[in-house]
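Q: Below: one structure in C-alpha cells.
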Amino acid sequence: MKTKIKNPLALLFVLMLTGSVFFIISCESSKPNTSELDSVGAELGDAHGDLPTPDSERQNGLALTPTSANITYIGQSQVFTVVGGDAPFSWAVTSSANGTISVIGFSQARYTSTTLGQNTVRVTDAKGHQASVPLNSPAMQMTPTTVAFAGATNVPFVASSAGFTVTGGTPPYTWSNGSVTLGTLTASGSSASYTMLAVPGQNIITVVDAVGQTLTAAITQTAN
C-alpha cells in the first residue's frame, strides 16, 4: 500500500530543520575545554621548567664563599668562589696597594696580599649585581710605645735616637712629631727614627694608617 505525501515541501523543511539542529549540537560538543587545556599546559610547563623565573627573585642570589678571610702575612692567598648570579663575572679589590685579584676559573678568583692591610674583594655579574667579602688583617701595633732618654753625669744629654715600627693596619702610614724643639723625626713606610735634641721635655710620636687608626709613643727626655 502506497502512502501519498500530501505536502512534500513541508516535509523537506522539517528534514532541513532537523539536520541543522543536529549539526549545531555536534559542533558544540566537539569544542575543546579551554580551561582543561590551560591546566594541562601549566602542568607541562612546570614539569619541563619552561616558566621563567622573575628577575626580582634572582637579583639577591649572588654571593661569595668564603664570606670573610683573615690576612696574616704578606704573600698570603685566598680563593673565592661565586655562588649564583649570571655569568660572566668581573672581579675587583678596593685597595690594589694591599693586594691583587686574579681570575683562575669560570667562577673563581684568587686574592694575594702585598701588604698587611684591610681590603675587600668584590664580584659583579652580567646584570650588575654585586657581592663582596671583607679581608681582615691583624690590629695595628707600634713598637716601642715608650722611650726614655737620660743625660750622663755632668753632661746635660747624650745624643740618642730611637727607632719605631708599625705593623698591621692599612698602609700607607702617616708619622708626626709632637715637638720639633725636642727632636727630629724621619719616617719611611712602616718605620720611623727619632733623634732627640739637647732639651728636656715630653714628646709624642704619632702614626696614623689609611683608615684613621692611630697609635702613639711617649718620649721622655731628662737630664741628670
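The values are calculated or read from the model by the stated rules, or taken from the named source; none is laboratory data. Note that this is a predicted model, so its numbers are computed, not measured. Cβ sites come from the backbone with ideal geometry, for glycine too, and all protein chains shown count toward neighbours.
Q: When you go through (1) without any contact (Cβ under 8 Å) to a residue 60 or more places away in the chain; (2) touching a Lys or Arg at 6+ places or on another chain (Cβ under 9 Å); (3) surrounded by 16 or more Cβ atoms within 10 Å (Cβ to Cβ) one by one for ALA109, which number turns out not to apply?
A: (2)
Q: If you don't mind, another one. Among the residues of the range 41-59, is any closer than 28 Å to GLY128 by Cβ, at pLDDT 85 or above, of a type outside the set (A, V, I, L, M, F, W, C) and surrounded by 12 or more Cβ atoms within 10 Å (Cβ to Cβ)?
A: no
Q: Follow-up. Does ALA97 qualify as being hydrophobic (A, V, I, L, M, F, W, C), at pLDDT below 95 and under 22 Å from SER190 (Cβ atoms)?
A: Numbers: hydrophobic (A, V, I, L, M, F, W, C): yes; at pLDDT below 95: yes; under 22 Å from SER190 (Cβ atoms): yes.
Yes: the conditions hold for ALA97.
Q: Only one of (1) farther than 28 Å from GLY85 by Cβ; (2) surrounded by 13 or more Cβ atoms within 10 Å (Cβ to Cβ); (3) at pLDDT 95 or above fails for PRO171. Which number is that?
A: (3)
Q: Among the residues of the range 73-92, write down those that are assigned to a strand (DSSP E or B) and β-branched (Val, Ile, Thr). Before the answer, list the steps.
A: Filtering the range 73-92 for residues assigned to a strand (DSSP E or B) gives 77-83, 90-92.
Scanning the range 73-92 gives VAL79, THR81, VAL82, VAL83.
Q: Continuing with this model, one more query. Just give me the residues in the range 119-149 being farther than 19 Å from THR184 by Cβ and at pLDDT below 90, in sequence order.
A: Those that are farther than 19 Å from THR184 by Cβ and at pLDDT below 90: ASN136, SER137, PRO138, ALA139, MET140.
Q: For the range 212-224, which positions are closer than 14 Å to VAL166 by Cα and either in contact with a strand residue (DSSP E or B) (Cβ under 8 Å, 6 or more places away or on another chain) or not in a loop (DSSP other than H, G, I, E, B) (or both)?
A: Answer for the range 212-224, where residues must be closer than 14 Å to VAL166 by Cα and either in contact with a strand residue (DSSP E or B) (Cβ under 8 Å, 6 or more places away or on another chain) or not in a loop (DSSP other than H, G, I, E, B) (or both): THR214, LEU215, THR216, ALA217.
Q: Further question: For the range 154-165, which residues satisfy the criterion of being modelled with pLDDT of 95 or more and surrounded by 18 or more Cβ atoms within 10 Å (Cβ to Cβ)?
A: PHE164
Q: Whether any residue in the range 181-193 is crowded, with 17+ Cβ neighbours inside 10 Å and closer than 21 Å to ASN136 by Cβ is what I want to check. Break it down into steps so the answer makes sense when it comes.
A: Taking the range 181-193 first, the residues crowded, with 17+ Cβ neighbours inside 10 Å are 182-183, 185, 187, 190, 192.
When the remaining residues are screened for being closer than 21 Å to ASN136 by Cβ, the result is 190.
Yes, the range 181-193 has at least one match.
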